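Visitor: Would you mind keeping the following structure in view while I ask a few things?
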Amino acid sequence: MSTFRGGLGRRSFLRLGALGVAGIGLADYLRLSHLHGARAGQPLRDKHAIFINLVGGPSHHDTFDPKPNAPVEIRGEFGVARTKTGTLICDLLPRLAGCADKYTLIRSVTHNLGAHSLAGQFITTGNRPLPSLQYPTYGAVVAKEKGAPQDVPPFVGIPDGGGGGYLGIASSAYGVGGDPNAKDFGVRSLSLPTGFTLNRLTRRVSLVQALEGDASGDRRPDLLDGMDRFAQQAYSIISSSRTRDAFDIHREAGQVRDGFGRHTFGQSLLLARRLIEAGIRFVSVNFPTTWDTHANNFKELRERLLPSLDQGLSALLLDLHTRGLLSSTVVFVTGEFGRTPKINKDAGRDHWPNVFTMLLAGGGLKAGQVIGKSDGEGAQPVDRPVSPEDVAATFFKLFGIDHRKEYQTPTGRPLQIVRDGTIIPELLA
Amino acid sequence: MPIFSKAGCNSGSCHGSFAGKNGFRLSLFGHEPETDFERLTREADGRRINRLDPTNSLLLLKATAKVPHAGGKRLDPKSPAYQSLLRWIENGATYDPKRELALERVEVTPGEALLHIASDPGYPLTVHAVFADGRRQDVTALAVYSSLDEGIAQVDAAGRVSGRRVGDTFIIVSYLGKFGRFQALVPAAPGKPERDTLAGSNHFIDEHVGAKLRRLNIPSSPLCDDETYLRRVMIDLIGVTPSPDEVRSFVKDPRPDKRSRKVEELLARPEYAQWWATKFSDITGNDNRYLGALNYKDGYNWWNWLRARLERNMPYDELVRNILLATSREGRSKEEHLRWLDEESPRMQDLKRWDMRYHERQTLDLFWSKSSNRAPEVVGQEISYAFLGMKLECAQCHKHPFDRWTQEDFWSFAAFFTRIQFNVPRDLQSPDKQKPRAGKELFFATKGDLWIPVRHPKTKAVLPPRTLDGKVYPDVDDKDPRRPLTAWMTAAHNPYFARALVNRIWAHHLGRGLIEPTDALSEANPPSHPQLLDALARDFVEHRFDLKHLHRTILGSRTYQLGARTCAGNADDNRNYSHYYVKRLHAEVLIDAINRVTDCRGEGKAAADYLVPPGVNSIAYPLSRSPSGLRYTFRIFGRPLRLSMCDCERDQEPSLPQALYLLNDGEMLTKIRSAKGRLTVRLASGVTDAELIDELYLWALGRRPTQREARITMDHVTAWVKDGGRAEAFQDVLWGMMNLKEFNTNH
């Protein structure tokens, strides 16, 4: 039997543990942030990740698992393209076909949750949802286990999302809020408000420091230490150019911005790349519009969804590759489920968790493969069924995180990071 | 079975997992011996047990890691556990469920002891299993031990306890699903505490808390001063920070009983009922996502129904009865009910009206009509969580690991609610069932209605409603079983109902529950002060579940009034209330405090929130999420979304987004600089710098600055007046105040 350990003290201590150094003054932070700044731009050896959530559930038939030999009411309107590695994917994803050596498709992912919210929790946490608790999302776990430099937030959500679940709000994502494609894009609480200088911020901070006095000798509750540490980190983040610059997407060359596509999704991925480069451990990106195509599936995909997915995702993979960042950055793309094989009366497809495709790239995994197989109608897995838990276990393995490691919920319940998952060896190089 | 538990074989991360481990599955914590016996003897071609060559049984080879075992070596061949398994196999490996005697309880002797730090080899416990026939067996070697706080006391596998640090904790002893406990008290050096602020008080809270502090030789901090008390009690009781006038008049008041008078005054303020309606909305799960098309109105109705009752101090048992026994008609005739709906309809439909009459209804049917509360097992979890303070849901799928509850207990409890239907009742269905006269409503299904009886998930037997004390209430057509359930729950001697509530209120005021977590009442999670919890619950029941009396009792104790500053010898204490535990302000209280200090609710879009009554303060915000999306500050400061049944959803931890918000968010600066805000108005009023500094301290911290603080602040103002002008210098000061930990906490 495992034990309860109650209370505020333990939790705050654990959560703060991941954030590293205590007892460093503001001056030290400034100095450290310069050091970190000098390192930016060099290849990252530590693993990082970008999680891309195609919210709403994309049709696997009309993206990465086409069924050209199925009858037309299943096959749909689109044709197929042969990728660089010889696989067939939808012909409206030509750029992704051209860089298929950079990613691996798992075509036999299966679960049985057909509602958006529950399935969404399943695929963003790697755990089947329970009514009694919320699991932490991938980023919360990775940030907790792996940390990040002091002057960057460890986990960022574009535009938001990425809950800390039972690990609490201290582990949840820092949401950027706005649309990275907008002219006036800036990140809440990070950019200095108009007419405000760093100098003035520093002078305010020194007033607070003077008033707080020197508490270094006192034994204080964890809560107060925690507040101090986060305040110091917040100041480090705002006063170092590293984070502000990384969020300032306007600094990116126009050509690069065009390459990712001048749409919210493309610019979100570009922002994600900038953040990873600056040392942020984990970035989650939500696709800006829904993939829930109950009606007009083909029109929606052709006009709204596939072009930005194709352009943005291929640009991200190639850009990471060119910069030498792909081998240290795991890219994980999935929706919460696939969609029905049979096209409905509204030319749409409905929810289908029985089989769908996930895409993984980078981080040293074995790319250019197709793992698993769905049947001729894309209705069931026929070879190597894989659960979201299995993918989660493998994903964590890429970071060297043992998915069987136990955490304790605030009520003392021991829980493995992933409850039931088996590593997919083919995915690991 | 105890051997497997002790060696960890049947834990959730091993063979106890529902999927088993590497093809071998045991029931979680060994609660299903018959199934386990089958699996041990029959599965894997019977290789697990070798009756002809017992030492070559796969079970023993694996457990001793003589053949490869992913779980490593769990048993030593020389250990009594191994010998006992071997003997069992040698004797034919039999199991007769009829011969198995019911285990009544586990006894640990002694029940408590004073331990000294690092006394080797440890204080020995003796554990007896007591069976139904009175037989006692010494199971010290077989029981499983764990310490609730290994920093204070550790226990080894043989049941020897050693003290590590001053304080107290429990050693939990489990054997075959039953629990016993030992309270380890680790005092500081022998003697009496140097400072004993609680001595001489005849308040029963102080007697209990003081007695334990004395046993542990931990000193208590001195009482807090008047300014601190006023701010503290206002924040805790009504969620509001004091104004300068309130501070001045309270400090000036010479009456010796002014603190208790203040409590009375606060209990009569409208914010008391507003704030606690918000808290009870959390606990009862008022999540407007699940309240249908007019959910923001119904979210408000739910909150306002609670508010109206708290305002007139309805006894808590009656309040809960009116939730548990809700129906839509409440005994009214169909015609009366329809008339009421017709009257209410325009008030509900009009976005601008907030004069709905829902709170005049007797019962809260929204609790049941909430679309996520329809399944009986979910309602069972919600009710046990909200009103009994326990996490029954573990027992939905397996025996509860920290309590005695079985799956049968859980599903029999759920059976109370299976006939509660939210549907169009028969008398409103038109003959062709096409066009009902009115919408769905909540009623008790009787003959002719449809409902699904609750079945045991494994045996599939239909389960009649059964309270947790084991009493069965046969399912009868015309009798709503919620009545006897409610009678059991709200009875004076119910072991959970009053305790759960007093523990939650205590935790809110004192910063830590006597039972912690506050919603985890279970056998394996005993209270830090068992007699105090009993006394509080008894007092609450004797005063007819009077909530205001309960607040009064706690807030009037000296324990509540101790200072937050630690003194030599009590800095490490975090469960004996030797000082007041500092708390981060609740999200709502903090946001209201910022608005109050700056006298600005924000400008433009940020200030507008449609679909709640205009101008409501955060403490009175009725909904779980606003229709225009989640409020940023609510989210980052940990206001619960009311989506899971856990008190832990309200998060009081610090975080990076909070720090960034306070340090640099545009909204903070907008409020500070607002043209109509406090600072701009006061700067134009002819007030001197010194007076203004004084005033800002009073608004933000509820006290005047010390000489040192006044000097530092004045120096800052003087230094920067030249640079950016007086306004900018004071913006810095006001911003600085709100970035102090003192502002962000209750202390």
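The values are calculated or read from the model by the stated rules, or taken from the named source; none is laboratory data. Remember, predicted model here, so these are calculated numbers, not experimental data. Positions of Cβ are backbone-derived with ideal geometry, glycine not excepted, and every protein chain shown enters the neighbour counts.
Visitor: Just for region B:521-546: of the residues that are touching a Leu at 6+ places or on another chain (Cβ under 7 Å) and in a helix (DSSP H, G or I), which one is farthest from the other protein chains (Cβ to nearest Cβ)?
Guide: Taking the candidates together, the pick is B:Phe540.
Visitor: So is B:Ala157 farther than 29 Å from B:Val209 by Cα and either assigned to a loop (DSSP other than H, G, I, E, B) or within 14 Å of another protein chain (Cβ to nearest Cβ) (or both) or not? Step through it out loud before you land on a result.
Guide: Working: farther than 29 Å from B:Val209 by Cα: yes; either assigned to a loop (DSSP other than H, G, I, E, B) or within 14 Å of another protein chain (Cβ to nearest Cβ) (or both): yes.
Answer is yes for this residue.
Visitor: So in region A:155-166, with the set limited to residues that are more than 10 Å from every other protein chain (Cβ to nearest Cβ) and outside any loop (DSSP other than H, G, I, E, B), which one is surrounded by the fewest Cβ atoms within 10 Å (Cβ to Cβ)?
Guide: Residues of region A:155-166 that are more than 10 Å from every other protein chain (Cβ to nearest Cβ), as a first pass: A:156-159, A:161-162.
Filter once more, keeping what is outside any loop (DSSP other than H, G, I, E, B): A:156-158.
Values: A:Val156: 29, A:Gly157: 24, A:Ile158: 30.
If we take residues in region A:155-166 being more than 10 Å from every other protein chain (Cβ to nearest Cβ) and outside any loop (DSSP other than H, G, I, E, B), then A:Gly157 is surrounded by the fewest Cβ atoms within 10 Å (Cβ to Cβ).
Visitor: Cβ contacts < 9 Å: first residue free of Cβ contacts under 8 Å to residues at least 60 places away in the same chain, restricted to region B:186-199; second residue crowded, with 16+ Cβ neighbours inside 10 Å and not in a loop (DSSP other than H, G, I, E, B), any location; separation 6+ or different chain. Result?
Guide: Within 9 Å, the pairs are B:Lys192/B:Arg214; B:Asp196/B:Gly210; B:Asp196/B:Leu213; B:Asp196/B:Arg214; B:Ala199/B:Asp206; B:Ala199/B:Gly210; B:Ala199/B:Arg214.
Visitor: Return the residues of region B:55-69 that are in a helix (DSSP H, G or I) and in contact (Cβ under 8 Å) with a residue 24 or more places away in the chain; say none if nothing qualifies. Step through it out loud before you land on a result.
Guide: If we filter region B:55-69 for residues that are in a helix (DSSP H, G or I), which is where we start, we get B:55-56, B:58-63.
Selection gives B:Thr55, B:Leu59, B:Leu60, B:Ala63.
Visitor: Okay, next question. State which residue pairs qualify: first residue within 26 Å of A:Arg220 (Cβ to Cβ) and inside region B:723-747, second residue among the polar types (S, T, N, Q) and in a helix (DSSP H, G or I) in any location, beta carbons under 6 Å apart, and separation of 6 or more residues or different chains.
Guide: Pairs that qualify, where the first residue is within 26 Å of A:Arg220 (Cβ to Cβ) and the partner is among the polar types (S, T, N, Q) and in a helix (DSSP H, G or I), are B:Val733/B:Thr713.
Visitor: Considering only residues that are closer than 25 Å to B:Ala189 by Cβ and β-branched (Val, Ile, Thr), look in region B:547-582 and name the one that is farthest from the other protein chains (Cβ to nearest Cβ).
Guide: B:Thr559
Visitor: Okay, next question. Restricting region A:100-131 to residues that are more than 21 Å from A:Gly372 (Cβ to Cβ) and of a type outside the set (S, T, N, Q), which is modelled with the lowest pLDDT?
Guide: Restricting to residues being more than 21 Å from A:Gly372 (Cβ to Cβ) and of a type outside the set (S, T, N, Q), the top hit is A:Pro131.
Visitor: Name, by its number, the condition in (1) touching an Asp or Glu at 6+ places or on another chain (Cβ under 7 Å); (2) at positive phi; (3) surrounded by fewer than 17 Cβ atoms within 10 Å (Cβ to Cβ); (4) not aromatic (Phe, Trp, Tyr) that does not hold for A:Thr422.
Guide: (2)
Visitor: Of the residues in region B:473-489, how many are β-branched (Val, Ile, Thr) and in contact with a Lys or Arg (Cβ under 8 Å, 6 or more places away or on another chain)?
Guide: Let us first name the residues in region B:473-489 that are β-branched (Val, Ile, Thr), namely B:476, B:486.
Keeping just the survivors that are in contact with a Lys or Arg (Cβ under 8 Å, 6 or more places away or on another chain) gives B:486.
So the answer is 1.
Rundown of residues vs (1) touching a Leu at 6+ places or on another chain (Cβ under 8 Å); (2) among the small types (Gly, Ala, Ser), yes/no style:
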site: A:Asp46; (1), (2): no, no
site: A:Ile52; (1), (2): yes, no
site: A:Lys67; (1), (2): no, no
site: A:Ala97; (1), (2): no, yes
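Visitor: Further, regarding this structure: Of everything in region B:717-747, what is within 11 Å of chain A (Cβ to nearest Cβ), assigned to a helix (DSSP H, G or I) and farther than 22 Å from A:Pro193 by Cα? Give them in sequence order.
Guide: B:Ala719, B:Lys741, B:Glu742, B:Phe743, B:Asn744
Visitor: Going through region A:74-114 one residue at a time, which ones are under 21 Å from A:Leu305 (Cα atoms) and surrounded by fewer than 18 Cβ atoms within 10 Å (Cβ to Cβ)?
Guide: A:Glu77, A:Gly79, A:Val80, A:Arg82, A:Leu88, A:Asp91, A:Pro94, A:Arg95, A:Gly98
Visitor: Inspect region B:469-480 for any residue being in contact (Cβ under 8 Å) with a residue 60 or more places away in the chain and crowded, with 16+ Cβ neighbours inside 10 Å and give the result as yes or no.
Guide: yes
Visitor: Which one is nearest to the chain's Cα centre (by Cα) among residues in region B:650-662 that are surrounded by 22 or more Cβ atoms within 10 Å (Cβ to Cβ) and touching a residue at least 60 places away in the same chain (Cβ under 8 Å)?
Guide: Restricting to residues being surrounded by 22 or more Cβ atoms within 10 Å (Cβ to Cβ) and touching a residue at least 60 places away in the same chain (Cβ under 8 Å), the top hit is B:Glu653.
Visitor: Taking region B:516-552 on its own, how many of its residues are out of contact with any strand residue (DSSP E or B) (no Cβ under 6 Å at 6 or more places or on another chain) and either among the aliphatic types (A, V, I, L, M) or surrounded by fewer than 21 Cβ atoms within 10 Å (Cβ to Cβ) (or both)? Explain how you work it out, then say what you get.
Guide: We begin by selecting, within region B:516-552, every residue out of contact with any strand residue (DSSP E or B) (no Cβ under 6 Å at 6 or more places or on another chain); these are B:516-522, B:525, B:527-552.
Those left that are additionally either among the aliphatic types (A, V, I, L, M) or surrounded by fewer than 21 Cβ atoms within 10 Å (Cβ to Cβ) (or both): B:520-521, B:527, B:530-539, B:541-544, B:546-550, B:552.
Number of matching residues: 23.
Visitor: Could you count how many residues in region B:54-76 are surrounded by fewer than 17 Cβ atoms within 10 Å (Cβ to Cβ) and more than 45 Å from the chain's Cα centre (by Cα)?
Guide: Of the residues in region B:54-76, 4 are surrounded by fewer than 17 Cβ atoms within 10 Å (Cβ to Cβ) and more than 45 Å from the chain's Cα centre (by Cα).
Visitor: Please tell me if B:Leu585 is more than 8 Å from chain A (Cβ to nearest Cβ), within 19 Å of the chain's Cα centre (by Cα) and surrounded by fewer than 20 Cβ atoms within 10 Å (Cβ to Cβ). Don't jump to the end; show me each part of the working.
Guide: Values: more than 8 Å from chain A (Cβ to nearest Cβ): yes; within 19 Å of the chain's Cα centre (by Cα): yes; surrounded by fewer than 20 Cβ atoms within 10 Å (Cβ to Cβ): no.
Considered against the rule, which asks whether it is more than 8 Å from chain A (Cβ to nearest Cβ), within 19 Å of the chain's Cα centre (by Cα) and surrounded by fewer than 20 Cβ atoms within 10 Å (Cβ to Cβ), B:Leu585 comes out as no.
Visitor: Which residues, counting only those in region B:358-394, are farther than 16 Å from B:Phe417 by Cα, away from chain A (no Cβ under 11 Å) and buried (at least 24 other Cβ atoms within 10 Å of the Cβ)?
Guide: Result: B:Gly389, single match.
Visitor: Does region A:125-137 contain any residue that is under 14 Å from the mean Cα position of the chain (by Cα), outside any strand (DSSP E or B) and not polar (S, T, N, Q)? So that I can check it myself, show each step before the final result.
Guide: Step one: of region A:125-137, the residues under 14 Å from the mean Cα position of the chain (by Cα) are A:125-126, A:136-137.
Subset that is outside any strand (DSSP E or B): A:125-126, A:136-137.
Filter once more, so that each one left must be not polar (S, T, N, Q): A:126, A:136.
Yes: one or more hits.
Visitor: Need the failing condition index for B:Leu669 against (1) in contact (Cβ under 8 Å) with a residue 12 or more places away in the chain; (2) surrounded by 20 or more Cβ atoms within 10 Å (Cβ to Cβ); (3) within 12 Å of chain A (Cβ to nearest Cβ), just the number.
Guide: B:Leu669 satisfies all of (1) in contact (Cβ under 8 Å) with a residue 12 or more places away in the chain; (2) surrounded by 20 or more Cβ atoms within 10 Å (Cβ to Cβ); (3) within 12 Å of chain A (Cβ to nearest Cβ) except (2).
Visitor: Sticking with this one: Output the residues belonging to region A:132-147 that are farther than 14 Å from A:Ala170 by Cα and either modelled with pLDDT of 95 or more or out of contact with any Ser or Thr (no Cβ under 7 Å at 6 or more places or on another chain) (or both).
Guide: Correct list: A:Tyr138, A:Lys146.
Visitor: Do the conditions hold for B:Tyr661, that is, is it closer than 14 Å to B:Ala593 by Cα, within 12 Å of chain A (Cβ to nearest Cβ) and hydroxyl-bearing (Ser, Thr, Tyr)? Break it down into steps so the answer makes sense when it comes.
Guide: Values: closer than 14 Å to B:Ala593 by Cα: no; within 12 Å of chain A (Cβ to nearest Cβ): yes; hydroxyl-bearing (Ser, Thr, Tyr): yes.
Against the criterion (closer than 14 Å to B:Ala593 by Cα, within 12 Å of chain A (Cβ to nearest Cβ) and hydroxyl-bearing (Ser, Thr, Tyr)), B:Tyr661 does not qualify.
Visitor: Next question, about the same structure. What pairs come out if I take residues in region B:703-716 that are closer than 11 Å to B:Ala690 by Cα and within 10 Å of chain A (Cβ to nearest Cβ) and pair them with residues that are of a type in the set (Lys, Arg) and part of a helix (DSSP H, G or I) whose C-beta lies under 6 Å away, six or more apart or interchain?
Guide: Nothing qualifies.
Visitor: Answer with yes or no whether B:Phe743 is surrounded by fewer than 21 Cβ atoms within 10 Å (Cβ to Cβ) and within 24 Å of B:Leu590 (Cα to Cα). Talk me through it step by step, then tell me what you get.
Guide: Numbers: surrounded by fewer than 21 Cβ atoms within 10 Å (Cβ to Cβ): yes; within 24 Å of B:Leu590 (Cα to Cα): yes.
Considered against the rule, which asks whether it is surrounded by fewer than 21 Cβ atoms within 10 Å (Cβ to Cβ) and within 24 Å of B:Leu590 (Cα to Cα), B:Phe743 comes out as yes.
Visitor: Sticking with this structure for a sec: Being away from chain B (no Cβ under 14 Å), at pLDDT below 95 and in a loop (DSSP other than H, G, I, E, B) narrows it down to one of A:Gly421, A:Gly400, A:Gly368, A:Gly378, so name that one. Before you say what the answer is, go through the steps one by one.
Guide: Values: A:Gly421 fails: away from chain B (no Cβ under 14 Å); A:Gly368 fails: at pLDDT below 95; A:Gly378 fails: at pLDDT below 95.
Exactly one of A:Gly421, A:Gly400, A:Gly368, A:Gly378 is away from chain B (no Cβ under 14 Å), at pLDDT below 95 and in a loop (DSSP other than H, G, I, E, B), namely A:Gly400.
Visitor: Looking only at region B:305-342, filter to residues that are in a loop (DSSP other than H, G, I, E, B) and in contact (Cβ under 8 Å) with a residue 40 or more places away in the chain; which one of those is nearest to B:Trp276 (Cα to Cα)?
Guide: Narrowing region B:305-342 to residues in a loop (DSSP other than H, G, I, E, B): B:312-315, B:325-333.
Among the residues that remain, those that are also in contact (Cβ under 8 Å) with a residue 40 or more places away in the chain are: B:313, B:315, B:325-329.
Working: B:Asn313: 11, B:Pro315: 14, B:Leu325: 22, B:Ala326: 21, B:Thr327: 24, B:Ser328: 25, B:Arg329: 27 Å.
Checked region B:305-342; the qualifying residue nearest to B:Trp276 (Cα to Cα) is B:Asn313.
Visitor: B:Ile591 fails exactly one of the following numbered conditions: (1) surrounded by 22 or more Cβ atoms within 10 Å (Cβ to Cβ); (2) within 13 Å of another protein chain (Cβ to nearest Cβ). What is the number of that condition?
Guide: Unmet for B:Ile591, out of (1) surrounded by 22 or more Cβ atoms within 10 Å (Cβ to Cβ); (2) within 13 Å of another protein chain (Cβ to nearest Cβ): (2).
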